[in-house]
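J.: Got a structure here, written out as structure tokens. Questions coming.
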């Protein structure tokens, strides 16, 4: 059964105030989720008595569960509530419509995705009957589990036998194995989370007609169903909390360009929008080098390894040559200047002296 919108209501009032619980739609019925009494003073809410105290939830279920509207006064409708002193009663209930309830025996319920619903026996909340097993089979997708919560139970208990043994009883089986049996109300309500994806809920009755309410049960899927793989992609792995998807070769997710995407399960929903984006964007890859390219690259590296030192040596030779050439020029200039000085100091010849 698919998940649907429900009307959740909170009401509160004093111990002697009249609380009204009502559903707007006439086809809806009340299911009590929570009922808590908080005393005004720092004292215990339930005063010990000879008989086990009646919890406000039990009294609320007796008066309001399974009907469209009701009124409730704690001190009048809950036995011994006047002993608890003054305080405040807070009630949380939900209005559930007819299409959310499986009320026929031997029904098979398939949970798909985030889904929940309710079960009650035929005749609830006026009677239950029929000296046979009333069975509901619930199945979820393979990766999900099922949570079963007993919101209301009012069936015949055998007061002669052991307190835990019941002539009429509610049984919960996980893949055929009995995991819980009860015939008495509890607060907080009895809750069972399966280990597998297959659960059976069985109301066993040894009487033909019993003027008691029977059972009202809430069920919901736990965990996330596996999303479909994206186009040109595939599922790598998944567990109860996460799943990994990967794109095929030369493909990437169109939303982020990544080849891999890991999603996480939060409650009964994934942390991403579904369906997953397709793998349609090609990855930009560098061209592959051929053997010839690799050979050319190696040759270039070898040439550069040889050429660089040779150029360096040639540059050094050129610098040395220029330095030596400069030194040579300077020395030659100095030699010419020295020769001129020597010629200027020589004595004149006899011929030069005889000339007028």
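The values are calculated or read from the model by the stated rules, or taken from the named source; none is laboratory data. As the structure is a computational prediction, the values presented were derived from the model and not from experiment. Positions of Cβ are backbone-derived with ideal geometry, glycine not excepted, and every protein chain shown enters the neighbour counts.
J.: State which residue is modelled with the highest pLDDT when the search covers only segment 71-83 and only residues that are closer than 21 Å to residue 216 by Cα and surrounded by 19 or more Cβ atoms within 10 Å (Cβ to Cβ). Show your work before the answer.
T.: Pass one, segment 71-83, residues closer than 21 Å to residue 216 by Cα: 71-72, 77-78.
Still in the running and surrounded by 19 or more Cβ atoms within 10 Å (Cβ to Cβ): 72, 77-78.
Numbers: 72: 96, 77: 93, 78: 92.
By that ranking, first place goes to 72.
J.: Of all residues in segment 88-100, which are over 31 Å from the mean Cα position of the chain (by Cα) and surrounded by 18 or more Cβ atoms within 10 Å (Cβ to Cβ)?
T.: 89
J.: To continue, here is another question. Considering only segment 195-209, state which residues are crowded, with 19+ Cβ neighbours inside 10 Å and more than 16 Å from residue 135 (Cβ to Cβ).
T.: 197
J.: Out of all the residues in segment 270-281, which are under 22 Å from residue 225 (Cα atoms) and surrounded by 14 or more Cβ atoms within 10 Å (Cβ to Cβ)? So that I can check it myself, show each step before the final result.
T.: Of the residues in segment 270-281, the ones under 22 Å from residue 225 (Cα atoms) are 270-279.
Result: 270, 272, 276, 277, 278, 279.
J.: Across segment 282-329, which residue is surrounded by the most Cβ atoms within 10 Å (Cβ to Cβ) among those that are part of a loop (DSSP other than H, G, I, E, B) and modelled with pLDDT under 65? Give the derivation first.
T.: Looking only at segment 282-329, we keep the residues that are part of a loop (DSSP other than H, G, I, E, B), and these are 282-290.
Add one more test, that the residue is modelled with pLDDT under 65, and what stays is 283-290.
Values: 283: 13, 284: 8, 285: 8, 286: 5, 287: 6, 288: 6, 289: 11, 290: 9.
Restricting to residues being part of a loop (DSSP other than H, G, I, E, B) and modelled with pLDDT under 65, the top hit is 283.
J.: Among the residues of segment 84-99, are any at pLDDT 90 or above, in a helix (DSSP H, G or I) and not assigned by TED's automatic domain parsing to the domain that holds residue 121? Walk me through how you get there before you give the answer.
T.: Of all residues in segment 84-99, those at pLDDT 90 or above come to 86-97.
Checking which are in a helix (DSSP H, G or I) leaves us with none.
No, segment 84-99 contains no residue that is at pLDDT 90 or above, in a helix (DSSP H, G or I) and not assigned by TED's automatic domain parsing to the domain that holds residue 121.
J.: Please enumerate the residues belonging to segment 61-87 that are on the phi > 0 side of the Ramachandran plot and under 34 Å from the mean Cα position of the chain (by Cα).
T.: 66 - this is the single residue of segment 61-87 that is on the phi > 0 side of the Ramachandran plot and under 34 Å from the mean Cα position of the chain (by Cα).
J.: Let me ask another. Restricting the search to segment 229-243, which residues are in a loop (DSSP other than H, G, I, E, B), modelled with pLDDT of 90 or more and under 21 Å from the mean Cα position of the chain (by Cα)?
T.: 229, 230
J.: Let me ask something additional. Residue 223 passes all but one of (1) under 30 Å from residue 36 (Cβ atoms); (2) more than 24 Å from the chain's Cα centre (by Cα); which number fails?
T.: Going through the list (1) under 30 Å from residue 36 (Cβ atoms); (2) more than 24 Å from the chain's Cα centre (by Cα), residue 223 breaks only (2).
J.: Which residue is nearest to the chain's Cα centre (by Cα), if the candidates are limited to segment 171-190 and must be assigned to a loop (DSSP other than H, G, I, E, B) and over 17 Å from residue 218 (Cβ atoms)?
T.: Just the residues of segment 171-190 that are assigned to a loop (DSSP other than H, G, I, E, B), to begin with: 175-176, 183-190.
Narrowing further to those that are over 17 Å from residue 218 (Cβ atoms): 175-176, 183-184.
Working: 175: 25, 176: 29, 183: 35, 184: 35 Å.
So the residue we want is 175.
J.: Additional query: Quickly run through segment 191-220 and pick out the residues that are part of a strand (DSSP E or B) and within 19 Å of the chain's Cα centre (by Cα). Before the answer, list the steps.
T.: Quick first cut of segment 191-220, residues part of a strand (DSSP E or B) only: 191-193, 198-204, 209-210, 214-220.
The answer is 193, 220.
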